[in-house]
Structure formats: structure tokens, C-alpha cells
1. Quick one: dipole size for the range 33-122, taken about the Cα centre, charges +1 on Lys/Arg Cβ and -1 on Asp/Glu Cβ, in debye to the nearest 20.
2. If you plug each phi of the range 69-81 into the Karplus form 6.51 cos²θ - 1.76 cosθ + 1.60 with θ = phi - 60°, what whole-Hz ³J(HN,Hα) values come out, in order, with x for Gly and Pro?
3. Residues of the range 70-90 with backbone nitrogen within less than 15 Å of a virtual label 7 Å along the Cα-to-Cβ line of L28, please, listed as ranges.
4. Provide the FRET efficiency to the nearest 0.05 for the R124-R163 pair, computing r from the beta carbons and using R0 = 41 Å.
5. Taking 0.36 nm per residue of sequence separation and subtracting the Cα-Cα distance, how much length would be gained by fully extending the chain between A58 and W37, in nm to one decimal?
6. To the nearest 0.05, how large is the calculated FRET efficiency for E6 and H44 if R₀ is 35 Å and r is the Cβ-Cβ distance?
7. If you work out Rg and Dmax of the Cα atoms in Å from the coordinates, which of [x] 18.3, 59; [y] 15.2, 44; [z] 17.6, 57 do you get?
8. For the chain, what is the percent of antiparallel DSSP beta bridges, rounded to the nearest 5?
Amino acid sequence: MGQRYEAVVFDLGGVVVDWNPRHLYRKLIEDQDRMEWFLTEVCHGPWNAEQDRGRPFAEGVREAVERHPDHRELIEAYWSRWPEMLDGLVPGTSEILAEVQRAGTAMYAITNWSAETYPLAVDRYPVLKVFRDIVVSGELKMIKPDPEIYRYALDRFGLSPERALFVDDSPANVRGAEAVGMGAILFTDAAALRGELERYGLL
């Protein structure tokens, strides 16, 4: 069975909730190459990460418009139409959460998420309420894979790192968890996750 864990700590976006800005921008930008350019050069990952780190969306939108004034309408849609970036739950994960809960294993979450938009997801997806506690990066102004957020979460959850198994779809975030002593699984799909949790006796 290997290492024994007493809790599973989940990422949310890309593991539990299907969040992707492409769900919105496919509606707004017909040409796929142009859409990818926009999400790479205008409202890109590092820009979005600053909202996850606690920057208000109004400030982020203003900064992006200053860089690309010709794309004001598309940039403003990132905030005004943000809920359209949610496209349901990641297939199979919510069933796994229910099984882990029935097995009596403690479940927590650490998510890189804007404090302004996170409540919208909780309202839409009640499954997020199954976790005993959730650390939201935008509320703390620190983000994965910074080691501080893992250490803060472990202390808040009352967990020792070697007893906590972390699940995330980002290789960088998985490495961040491992760096502070947590077990970690790179999420690819629910079937693979199920196999790993069974291997550790958590289902």
C-alpha cells in the first residue's frame, strides 16, 4: 500500500470544476489562432495569476487595456462575462469526492482563485461544500506553487505534510507540494485519480 495518508488536499480548477477562459472566448473570437494569441499575449496566464494573487479585477482589466487599448471590449469581457468560463464539473471527480467522503477520509482544498470570482463558483457547484476547509489564494494574496501557501494551509488544516496527499493538474503545483513534504498526484483524469487513491487505500 505504501505511504499512509490521513487527508487528501485537492486543487479545484481543472480537477473538480471545469474552468477555462476558452469556454468564453470561443464565443467571442471566431478564429482559433487569434483567440490563442489573445489568451497568450493579452489576458495571459501570468496576468490572470495576479487576480488569483489578490489583485482586483478592475485593476487587472485597467492594466490590460493600457497595454492593448484596441482590445478593450474583449478584455472587459474577462471580468463581466467570467461565469461563462465555467463549463460544469470535471467528469468523474465529484463521484470520487463522494466516495472519499463515505470512506471517512478528510478532504481539503487549496485553490488559485480570485477572491472576487470564487463565490460565484461555490454558488453554482454545491459539491465544493464537501471539503472541510478551502484555502483560496486570492483571499491570502499568495498562490501556488509558492511554498508559503502550502505551509499556511497545512497549519490551518492541522495536517503534517507527510500525512497529506495533494492532487493538482499543474505539474508546477505538484512539485510545490512535494517541496514542502506532501505526497502529490498529477491529475490527468478521474479514472487515473481513482486508481491512485485506491492504491493508497483512500477509497
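Taken together, the values in this text are just the output of simple stated rules run on the coordinates, not laboratory data. Note that the coordinates shown come from a computational prediction; the quantities given were computed from them, not determined experimentally. Glycine gets a Cβ as well: all are built from the backbone with ideal geometry, and neighbour counts include every protein chain shown.
1. The calculation lands at about 280 debye.
2. The phi angles translate into x, 6, 10, 3, 4, 5, 5, 4, 5, 4, 9, 5, 10 Hz.
3. 70-86, by backbone N distance to the label point.
4. Plugging the Cβ-Cβ distance into 1/(1 + (r/R0)^6) gives 0.80.
5. Additional length available on full extension: 5.3 nm.
6. With R0 = 35 Å, the Cβ-Cβ based efficiency is 0.35.
7. [z]
8. Percent antiparallel among DSSP bridges in the chain is about 10.
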